[in-house]
Amino acid sequence: MKEIWSDKVHEECGVFGVYRRGDELDVVSTTYYALYALQHRGQESCGMAVNDDGVFYKRRELGLVNEVFTKDVLESMPRGNMCIGHCRYATTGTPVRANAQPFVIRHVKGPMALAHNGNLTNAAELREEFELMGGIFHSTSDTEVIAYTITRERLTAPSIEKAVENAMPKLKGAYSLVVMSPRKLIAARDPYGFRPLCLGKIGDSDVVASESCAIHAAGGEFVRDIEPGEIVCIDENGVHSVRTHCGKPTSLCVFEFVYIARPDSVVDGASVHRARRRAGA
């Protein structure tokens with residue numbers, strides 16, 4: 001266990017998700033451009049998971065976005081109607097492919113893909129709980145712990161968004177999530193809002209991203225920030241929110257404005273560039 005938790009904290013990752021409406025948008029290329037714009041948030045590894053009519057295809061490797069997703073790789077991937085992507089923060093230790101995201105979980109309720117930005121403070125306790133119940137982990141990432149937690153709730157919950165809602169009180173710390181089920185795209189932000197997450201549009205299609213710069217790079221328009229504690233569910237019926245966990249005091253990490261976020265992004269209604277100029281003044 002000591003070796004598992006000696007890995008450094010990886011809070012500054014980037015996540016993206018797209019739900020296509022109509023036939024014009026290429027979700028794979030869209031995710032590629034978004035991840036490229038989020039490359040500053042993580043340079044160790046990157047990956048995508050594509051939903052092709054309920055069949056999930058994933059590719060995740062060590063390396064930069066343009067190294068992992070070459071032209072040949074992008075052309076070989078199924079197009080699908082949904083896609084999520086992730087770029088992971090670099091470490092000073094040995095890079096491990098098993099920690100690359102998104103994670104794809106297959107269970108009795110169907111497949112689920114998950115990408116996560118943040119760090120849980122109770123990950124070790126949750127991991128031990130699952131291991132004592134027979135859970136087998138393939139990585140040292142908090143994301144796999146979150147996946148197990150949501151999956152356990154999904155066994156009794158009527159929907160994936162309800163499973164996420166029920167899992168959130170059990171997750172302590174920072175988490176901005178993008179979750180993909182066979183028919184839905186879910187975005188969730190921890191009740192304190194430690195890490196950013198926002199909602200956008202590309203034509204009629206809906207996207208979520210760690211930063212607004214990714215939405216603009218993919219050719220879309222920023223709509224709004226996702227509130228701390230909010231769960232956004234995107235499906236064939238549109239976009240709706242669950243705000244059960246909203247309303248707590250918020251604690252956005254100040255390093256988003258002074259170091260992590262790209263200057264042309266807007267985080268929680270504030271321009272990162274202007275915030276840095278004011279901080280410097």
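What the table below lists for this structure:
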{"item": "3 or more residues free of Cβ contacts under 8 Å to residues at least 24 places away in the same chain: qualifying strands (runs of 3 or more DSSP E) within the stretch 173-281", "result": "238-242"}
{"item": "Single residue of the stretch 235-281 satisfying the filter (of a type in the set (G, A, S) and touching a helix residue (DSSP H, G or I) at 6+ places or on another chain (Cβ under 8 Å)) that is farthest from A218 (Cα to Cα)", "result": "A279"}
{"item": "Helices (runs of 4 or more DSSP H) within the stretch 53-163 that include 3 or more residues hydroxyl-bearing (S, T, Y), surrounded by 13 or more Cβ atoms within 10 Å (Cβ to Cβ) and in contact with a Phe, Trp or Tyr (Cβ under 9 Å, 6 or more places away or on another chain)", "result": "142-154"}
{"item": "Residue in the stretch 223-245 that is of a type in the set (A, V, I, L, M), open to solvent by 50 Å² or more (accessible area, probe 1.4 Å), farther than 24 Å from F56 by Cβ and out of contact with any Ser or Thr (no Cβ under 7 Å at 6 or more places or on another chain) present", "result": "yes"}
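The values are calculated or read from the model by the stated rules, or taken from the named source; none is laboratory data. The structure displayed is predicted, hence computed values, not measured ones. Methodologically, a virtual Cβ is constructed for each residue, glycine included, from the backbone with ideal geometry; neighbour enumeration extends over all protein chains shown. Surface areas here come from the heavy atoms of the whole protein model, side chains and all, with no ligands, DNA or RNA. Shrake-Rupley method; radii C 1.70, N 1.55, O 1.52, S 1.80 Å.
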